[in-house]
Structures are given as C-alpha cells and as structure tokens.
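To start, the structure under review is shown below, and the notes come after it.
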Protein chains: 2
Amino acid sequence: MELIRWNSVDPVAHRKQIRERYDELRKAGLKINMARGLPSPEQLDLVDELLAMPGRTDYLAADRTDCRNYGNPQGLAELRGLFSGMLGIAPNQVVIGENSSLSLMHECVTYALLKGVGDSSPPWVKTADAAFLCPVPGYDRHFAICQELGIRMIPVPMLDDGPDMDQVESLAGKDPAVKGIWCVPKYSNPTGIVYADRVVERFAAMNTAAADFRIFWDNAYAVHDLTEDPPQLANIVDACLRHGHADRPFVFASTSKITFAGAGIAVFASSEGNVAWFMKRRQYRTIGPDKVNQLRHIRLFRDEAGLRALMAHHRAILAPKFTKVHEVFEALLGGSGVAKWTQPKGGYFISLDVPDGCARRVVELARQLGITLTPAGAPFPFGQDPRDRNIRIAPTFISVEDLAKAAEAVAVCTLVAVDESVSKERCL
Amino acid sequence: MELIRWNSVDPVAHRKQIRERYDELRKAGLKINMARGLPSPEQLDLVDELLAMPGRTDYLAADRTDCRNYGNPQGLAELRGLFSGMLGIAPNQVVIGENSSLSLMHECVTYALLKGVGDSSPPWVKTADAAFLCPVPGYDRHFAICQELGIRMIPVPMLDDGPDMDQVESLAGKDPAVKGIWCVPKYSNPTGIVYADRVVERFAAMNTAAADFRIFWDNAYAVHDLTEDPPQLANIVDACLRHGHADRPFVFASTSKITFAGAGIAVFASSEGNVAWFMKRRQYRTIGPDKVNQLRHIRLFRDEAGLRALMAHHRAILAPKFTKVHEVFEALLGGSGVAKWTQPKGGYFISLDVPDGCARRVVELARQLGITLTPAGAPFPFGQDPRDRNIRIAPTFISVEDLAKAAEAVAVCTLVAVDESVSKERCL
C-alpha cells in the first residue's frame with residue numbers, strides 16, 4: 001500500500017496526493033460492506049456440526065425431558081448450568097430464551113411498560129416521560145427500542161472505564177422517571193471498553209429515585225476476548241445483591257456470536273425475584289422455547305471448557321482482523337492528530353473518532369468508493385451524533401484482504417474529509 | 001369393560017353400581033394426565049429425521065442466504081411459499097416467526113397496545129376499556145393474554161357453525177372499544193367445529209365501530225384432519241379483501257402439531273399492509289428468526305404435498321384415539337341424557353358437556369382417581385364457566401389403552417357427579 005499520510009508541511013501537495021488516491025480507489029470499484037457486526041463465514045464454519053445435531057435418536061435431556069414436545073419454559077437445566085458458569089449467576093436464576101437476546105430485552109421493556117417490573121410497581125406507561133440513560137456512543141438497537149416505545153433517552157458520556165458515573169448517579173438519583181440504563185459492560189459497543197470494578201460497584205450501590213430502576217446489562221461479549229489474558233468484568237448480580245439492590249440488574253447474553261448468529265441461544269439472568277417476574281409474564285407468551293436447539297448446544301459445548309475452547313478459535317480468526325485495521329489506520333492516520341481509534345481487547349467493533357463535523361462526510365465519501373459503513377450517528381439516540389465525529393468500524397465479517405482495502409479507504413476518506421473542511425472545497 | 005350405564009329404572013341399584021365401580025377405579029391406582037393438547041411421542045417420532053437436519057454441509061437457502069448468520073426477518077422465501085399453499089395466502093403476505101404462534105399473537109397484542117395497529121390508529125392502551133370478543137368455550141391461552149394485559153373480555157356463545165354472529169355483529173358494530181375477537185376457525189378449541197362459509201363471510205362483511213378492529217384467526221389446526229374428506233375453511237384474507245376490510249384479519253398457524261411441538265415453526269399472515277406494520281414493529285425486537293430451523297423444515301417437507309402426506313400419518317395415529325373416547329362415552333353415557341360430547345373431524349380436543357353445576361365435581365372426582373383433566377372452566381374467560389358444565393378432553397398424548405381407562409373414569413365420574421347432585425350425597 002502506498003503511504004498517503006497526513007502531511008502538514010506541504011498542504012497543497014497533501015491535498016493533491018490524497019485526492020489522487022481517492023480517485024484511484026473510486027476507479028478500483030470496491031464493494032465491501034462493513035456496516036454490521038456479523039460473524040464471518042469462517043467463524044460459522046467452526047460449529048457446522050450443529051447442522052446435524054443432536055442426531056436422529058437424541059432428544060432426551062438429562063432429566064428425561066422429551067425436547068421435541070412442549071414445556072420447560074425456563075430451559076434445560078444442563079444448559080442453564082453452562083450459562084451459569086459463563087456468567088457467574090446461579091442456574092435457577094438463568095432463563096433460556098429463543099435465538100435473540102435483543103428479543104428478550106424488548107420483551108422486558110414491553111412487560112415493564114404494560115405490567116411494571118416486580119410485584120407491585122406500576123406499569124411504566126403510567127409514568128409520564130419515562131426515561132432511560134443512554135451511554136454514548138452505544139448500541140443503536142438499544143436506543144431504537146426506546147425510540148419505538150416512546151421512552152425518553154438521556155445521553156450520558158461513555159468514558160474509558162464505563163459510563164460517566166457522576167452523571168449516572170445524579171440523573172438516576174433525582175428523577176423517578178428515570179427507569180433504566182442500557183449497558184454493554186464488556187467490550188462496549190462500539191468503544192470496546194470494559195466497565196471497571198469501581199464502576200460496577202457504583203452501579204450496584206447508587207441510590208435511584210425510581211424504586212423500579214433496572215440496569216439492562218447486555219453482556220453480549222462475555223467470552224469474546226481478542227487476547228489471551230482478557231480483562232475480567234465484575235459480577236453485577238452479586239454486587240447488587242450485596243448492596244441490597246438484588247432486583248436492579250437484568251442480564252442478557254447469547255450464543256449469537258459463539259455458534260450461529262441466526263440460530264443460537266439467548267439468555268436472561270437476574271435475581272430470583274426478577275426471574276419469577278419474567279417467567280410469570282412470559283407464561284402468557286409461550287409454552288416454552290426451542291429445547292431441541294438447547295440440546296444441540298449442550299451436545300456441541302459439552303461443558304463450559306468446551307465453550308471457552310471454541311472461543312479461542314474465534315479469537316484466532318478475529319484478532320488478525322482487528323490488528324489489520326489498526327495497522328492501516330496507524331500507517332495512514334497515526335500521529336496526524338486528525339483521528340483516534342480504539343484498540344479493543346474483545347468484542348466486535350472499533351470506534352473511530354474523526355474531527356468534529358466530519359463523520360457523516362467520511363461515511364458518504366466511503367459510500368462513493370463502494371464501502372458501506374454503519375451510518376454516522378448510529379451509536380447515538382435518534383442517530384444524531386451531536387459532534388458528528390464518531391464512526392463504528394465492524395471488522396469481523398469481511399476477509400483480512402478486504403479489510404485492508406476498506407480500512408485504507410476509510411483512512412483516505414478521513415483525510416479527504418478533513419482537507420475538505422479546511423479548504424472548504426469538496427472532493428466531489 | 002363392564003358396562004356401568006345410566007340406569008333410570010332402578011336409581012338405588014344404579015347408585016350402588018356406579019359407586020362400586022368408582023371405588024374399583026380408585027383402587028386401580030391410575031395415573032393418567034390428559035390435561036393438555038400435546039402430541040404423542042409416536043407423532044414426534046414421525047419426524048425424527050429433523051434431529052439430524054439440515055446436515056453438516058447444508059446451510060444455504062435457495063437464494064444463497066447463509067442460514068447460519070443474521071438477517072432475513074420475514075423468513076426464507078421457499079418456506080413462506082410452502083405456508084402460502086397451506087393457508088391460501090400469498091407468500092409476500094406470510095411472515096415466519098420463531099417456534100410459537102402464541103408468541104406471535106402475544107406480540108401483535110402488545111404492539112397494538114403500545115403502538116396501535118396500522119399506520120394511524122392510536123395505541124390500544126389509550127382506549128379506555130378496550131375489549132375482545134371471546135367465543136366460549138374457547139382456548140384458555142387466548143383469554144389469558146387478555147387477562148394478563150388488561151383487555152376486557154366479552155363472552156359470545158359458540159354455535160355449531162362458529163360464534164353467534166348476531167351477537168358478534170351487534171357487539172363489534174356498536175362499541176368502538178371492541179378491538180378484536182379470538183377465533184380458532186377450523187376444529188375450534190375445544191368444540192371441534194369448523195366455521196361455516198357464511199360465518200366467514202359475515203366476519204369479512206360486518207361493520208365494526210372500531211376502524212382498527214382485528215380478527216385473531218388462530219388457524220392452529222389448518223391441516224389437522226381426522227377424516228379423509230375434511231371440511232374446507234373459507235379464506236378469511238380473501239373474503240376481507242373482497243369486502244374492503246383487507247386489514248381486518250391476523251392469521252396465525254404453526255407446525256407445533258405437524259413437526260415438533262417445542263421446536264417447530266410459527267407463522268403470521270395477513271394483508272400486505274398488516275405485514276408491513278408487523279415487520280416494522282418487529283424490527284426493533286429481532287434481527288431475524290432461526291433460519292436453520294426454517295431450512296430444516298424445508299428439507300423435511302420438500303413441498304406442500306410432503307406436508308400433507310405427513311398429516312396423513314398423524315391422522316392414522318390420532319383418529320383411533322378420538323374413536324376410542326367416543327366408543328367408551330357412548331357405551332357408558334349414550335342415551336343417558338346426562339352428557340353430550342363432540343365428534344370432531346379434526347383438531348386436538350373433544351368437548352364434553354355434563355349437567356349444569358357438575359363439571360368441577362367431575363374433574364375433582366377424576367383427580368381422585370389419578371386422572372388429570374383440563375380444569376373445568378378453563379375454556380372460559382377467567383376460568384369461569386357460568387354453567388359449570390364444560391370439560392375439555394385432550395385425547396392425543398396418551399395411548400389408546402390409557403385413553404380407554406381415562407374415558408371410562410371420566411364417564412363414571414360423570415355418572416357419580418350427576419347422582420350426587422340428585423341425591424345430595426357425596427361419594428367422598
């Protein structure tokens with residue numbers, strides 16, 4: 001790759017060079033989609049044996065449950081045990097869902113709106129102006145649930161060790177309409193940070209004006225490490241219990257990025273009280289989730305060690321992709337001062353910050369090169385990044401070769417956008 | 001089996017005889033559960049090849065979709081095509097869900113409550129006293145959704161050809177708070193009747209005070225015939241379109257009683273407008289249902305003929321069970337005038353009517369013999385049968401041998417309960 005670096009010494013030469021490179025890339029006819037955090041086909045191949053599981057005569061769970069028939073709404077005990085180990089939450093406090101943890105979150109919000117959480121709290125629809133705290137940048141699909149269901153969103157800055165807890169404590173502490181917060185506590189989407197122990201502790205200890213405040217703890221990347229010595233996330237369920245706020249956290253996880261993204265297993269875990277509440281609400285909705293798929297996953301993993309061994313294979317595929325993006329960004333943007341990006345130790349995203357006011361333009365310039373990026377602003381409520389500077393990079397789905405091209409294109413587009421904003425002269 | 005028939009000539013001898021038989025049955029130590037409409041293990045065995053499907057290298061749909069990954073929220077085109085044939089509704093008006101049609105109904109109700117149906121109708125939570133018409137006896141889980149979500153239930157008598165349409169038209173025609181009706185139009189749960197063509201026509205043509213009135217058309221037994229020349233159900237979607245009420249019906253179906261009860265495929269089908277509405281709401285809930293399970297079902301059925309061939313095997317297992325219950329009831333209760341029961345041509349239930357005020361007692365007496373029946377009153381809102389006379393018999397799960405014992409026990413319990421109510425003297 002020809003190095004088209006930021007050149008502050010000779011702006012005219014720099015402008016000419018980056019615009020020539022941009023034109024070359026446009027002529028290359030790229031067509032690369034890195035908008036979403038999809039696992040790659042190579043990752044899906046890792047568990048293709050699932051496609052013939054559990055096997056023609058294998059349908060009985062450990063307790064002799066016929067997995068083909070109705071029933072067992074909480075899920076097979078042995079699979080709850082496996083997730084229990086993965087999440088550090090007792091098996092009786094784990095509920096197996098269908099194939100989507102997003103669905104379980106949406107369900108919890110709708111149950112809360114229509115019935116209230118716990119035994120005695122009023123339905124959230126009765127709360128004028130019910131609100132959620134939204135650490136930003138964050139996960140667009142979380143915010144979309146609030147937007148769809150009319151829940152007010154209050155942005156809170158995401159720092160390097162978690163949300164700005166001074167603001168969280170202040171907002172949740174004084175406004176009883178603040179009913180919850182969205183969290184991706186490990187390898188946060190998109191910044192990749194891991195909540196520090198002291199952040200988890202403050203979440204558990206803080207006073208909330210709403211007695212029915214709930215933390216939506218979307219532990220989507222619980223075991224999705226990119227290093228061999230991964231950071232440890234403190235246990236929110238234990239911490240909340242210790243502080244007398246046992247019912248505060250709703251924990252979600254799934255195997256969408258462990259086995260098959262479309263055909264995995266989703267999990268809800270919480271206090272005994274919240275599990276009883278969730279099951280009570282859910283009994284009106286389903287006679288039980290797909291137990292054959294549960295059995296399939298038990299046969300695949302065998303135990304928690306099996307699950308963790310599988311994650312090492314994912315890491316072997318994913319780590320070079322994250323490294324490649326960093327290398328290209330470093331080569332083209334390093335030391336320029338015009339961009340900074342995260343180097344996460346796990347998860348599915350890299351968060352790129354460009355100069356204020358440039359993110360939409362970078363995404364548009366990339367689109368014209370045939371590179372589809374997550375829309376600028378997506379990680380913010382209503383898709384509005386107030387500084388228009390954040391871009392979510394999703395490196396998992398595409399090959400390292402395509403990733404090198406796409407990352408170069410993003411870097412060149414960043415240089416062009418910055419130059420345009422300085423020169424007030426559009427590239428196209 | 002010793003014939004313990006109704007004996008009106010010698011009541012004293014009759015009383016002695018039935019109570020002796022009851023005591024014998026009690027000593028037999030029966031333990032038979034026929035409370036729910038579960039498929040039997042023999043039925044589940046019919047499709048055990050699903051347990052090893054689609055096969056280790058088989059994950060591409062006809063359009064090259066990788067079924068292992070995210071996406072395709074409406075479901076694979078070829079499976080929509082198959083359900084299209086089964087339901088007589090265009091493929092683009094079919095949505096594949098997860099494993100439970102009950103979930104899709106619950107979802108539609110919650111979407112309607114929180115967002116309204118269609119583009120411009122207000123959320124049902126804004127309607128004071130929103131109500132559903134509930135043909136009785138009907139399906140307890142339908143009524144339970146209303147009870148859970150605070151929707152008023154208005155019972156309407158179920159006749160031999162469908163709900164009492166004079167009452168339906170009157171109630172839906174004048175009260176804008178009446179937002180919907182629950183229907184199991186083919187082999188109605190529990191009476192087994194099939195809605196007559198003229199009933200379907202009246203549903204489609206009637207005026208409703210609520211512009212956003214919806215028929216929840218739970219076609220759970222669309223292909224679940226017990227005879228070779230089954231009755232045909234008129235097409236509600238076509239009829240409503242013809243009468244200018246295209247958006248009136250929400251149609252639901254599933255393979256829960258075609259393949260695996262716990263691991264089948266559920267379907268929503270409706271007008272193009274309603275499908276757009278449903279998908280728009282659903283996009284906030286899930287990135288897509290389990291496409292590997294969709295592929296599994298495509299590989300199993302191959303086409304609609306394959307599905308119908310499978311149903312013939314179900315019929316061969318189920319028809320003798322329904323026949324056995326009828327034979328036993330006829331032998332013990334026939335001509336007695338104390339009971340009447342349905343002889344459905346399909347579906348999963350027999351509806352038994354005993355004299356007013358006796359149903360709970362029959363269920364209790366049966367319980368003491370070790371026979372678990374659906375609670376008396378279950379097919380009515382709030383579980384309250386105003387005449388306490390209806391008992392739902394679920395003959396599908398247990399063997400013909402157990403069914404003979406259970407049916408005899410129910411018949412004897414009926415005779416005892418009637419005798420108790422006449423003699424005012426309890427058996428125990």
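For the stretch A:74-166, what does the alpha-carbon gyration tensor say about shape, rounded, prolate or oblate, given a ≥ b ≥ c as the root eigenvalues, a/c under 1.5 as rounded, and a/b over b/c as prolate? It comes out oblate by the Cα gyration axes. For peptide A:28-39, the mean count of partner chain Cβ atoms within 10 Å of a residue's Cβ comes to 1.
Burial here means at least 40 square angstrom less accessible surface with every protein chain in place than with the chain by itself, probed at 1.4 Å; in the stretch B:80-120 the buried residues are B:ASN99, B:LEU102, B:SER103, B:HIS106, B:LEU114, B:LYS115. Using a 7 Å projection from Cα along Cα-to-Cβ, the label point at B:ALA128 is separated from the same position in the remaining copies by 1.9 nm, smallest value first. Here A:ARG387 yields copy-to-copy label distances, from shortest upward, of 7.3 nm, the label point defined as 7 Å from Cα along Cα to C-beta. Let a ≥ b ≥ c be the square roots of the eigenvalues of the Cα gyration tensor of the stretch B:139-232; is it rounded (a/c under 1.5), or, if not, prolate (a/b larger than b/c) or oblate? Note, shape of the stretch B:139-232 comes out oblate.
Take B:GLU24, push a point 7 Å out from Cα through the beta-carbon direction, and compare it with the same point in every other copy: 9.8 nm, smallest first. Take A:71-80, B:252-261 and order them by the average number of nearby Cβ atoms within 10 Å per residue, most first; the result is B:252-261, A:71-80. In summary, the lysines within cross-link reach of B:LYS340, defined as a Cα separation below 23 angstrom excluding same-chain residues under 8 places away, comprise B:LYS186, B:LYS321, B:LYS324, B:LYS405, B:LYS424.
Could you tell me how many degrees, from 0 to 90 and to the nearest 10, lie between the Cα long axis of helix A:101-115 and the main elongation axis, the longest principal axis, of the Cα atoms of chain A? Taking the Cα atoms of chain A, the angle to A:101-115 is about 60 degrees. Rolling a 1.4 angstrom probe over the protein assembly as shown with all protein chains present gives an accessible area of which 50% lies on carbon and sulfur atoms. Surface exposure of the protein assembly as shown, expressed per residue as accessible area with a 1.4 Å probe, stands at 36 Å². The phi-based Karplus calculation (6.51 cos²θ - 1.76 cosθ + 1.60; θ = phi - 60°) puts the 3J(HN,Hα) values of the stretch B:321-326 at 5, 5, 4, 4, 4, 4 Hz, whole numbers, x for Gly and Pro.
Solvent exposure of A:ARG214, expressed as accessible area, is near 10 Å², computed with a probe of 1.4 Å over the protein chains only. Charges were assigned to the Cβ only: +1 to each Lys and Arg, -1 to each Asp and Glu. The resulting dipole of the protein assembly as shown about its Cα centre is roughly 480 debye.
Summarising the strand pairing of chain A, around 45 percent of its internal DSSP beta bridges are antiparallel. Peptide B:315-322 has a mean of 0 when you count, residue by residue, the C-beta atoms of other protein chains within 10 Å of its C-beta. Quick one: grab the alpha carbon gyration tensor of the protein assembly as shown, order the square roots of its eigenvalues as a ≥ b ≥ c, and give me rounded if a/c is under 1.5, else prolate or oblate depending on whether a/b is larger than b/c. Verdict is prolate for the protein assembly as shown. Taking N as the residue count of the stretch A:32-125, its C-alpha radius of gyration divided by 2.2 N^0.38 Å amounts to 1.44. When both the stretch B:357-416 and the stretch A:300-372 are represented by their alpha-carbon centers, they are found 62 Å apart. Each Lys and Arg contributes +1 and each Asp and Glu -1, all at the Cβ; summed about the Cα centre of the stretch A:308-428, the dipole is approximately 420 debye. In summary, the lysines within cross-link reach of A:LYS174, defined as a Cα separation below 23 angstrom excluding same-chain residues under 8 places away, comprise A:LYS126. When the pairs A:LYS27/B:LYS291; A:LYS257/A:LYS280; A:LYS27/A:LYS345; A:LYS280/B:LYS31 are compared against a 31 Å limit on Cα-Cα distance, A:LYS27/B:LYS291; A:LYS27/A:LYS345 fall above it. Reported to the nearest whole Å, the Cα centre-to-centre distance from the stretch A:29-52 to the stretch B:48-120 is 21. Buried accessible surface for the A/B pair, both sides summed and rounded to the nearest 100, is 4900 Å² with a 1.4 Å probe. Among A:ILE96, A:ALA62, A:ALA28, which residue has its Cα positioned farthest towards the positive end of the charge dipole of the stretch A:8-111, with +1 placed on the Cβ of Lys and Arg, -1 on the Cβ of Asp and Glu, and the dipole taken about the Cα centre? It is A:ALA28, whose Cα lies furthest towards the positive end.
Taking θ as phi - 60° and the Karplus parameters 6.51, -1.76 and 1.60, the scalar couplings of the stretch B:225-241 work out to 8, 10, 10, 7, 10, x, x, 9, 8, 5, 7, 5, 5, 4, 4, 5, 4 Hz in sequence order, x denoting glycine and proline. Mean sequence separation of contacting Cα pairs (under 8 Å, at least six apart), scaled by the length of the stretch B:63-134, corresponds to a relative contact order of 17 percent.
Entry note, chain A: relative contact order of 25 percent, from Cα contacts under 8 Å with a spacing of 6+ residues.
Annotation for the stretch B:251-283 versus the stretch A:228-296: alpha-carbon center distance of 25 Å. What the phi angles of the stretch A:185-196 give under the Karplus curve with 6.51, -1.76 and 1.60, with θ = phi - 60°, is a coupling list of x, 10, 6, 3, 8, x, 7, x, 6, 10, 4, 5 Hz, glycine and proline written as x.
The values are calculated or read from the model by the stated rules, or taken from the named source; none is laboratory data. This structure is a prediction, so every number in the text was calculated from the model and none was measured. Quick reminder, even Gly has a Cβ in these numbers, built from the backbone with ideal geometry, and neighbours come from all protein chains shown. Protein only, heavy atoms only, side chains kept; ligands, DNA and RNA dropped before computing areas. Shrake-Rupley method; radii C 1.70, N 1.55, O 1.52, S 1.80 Å.
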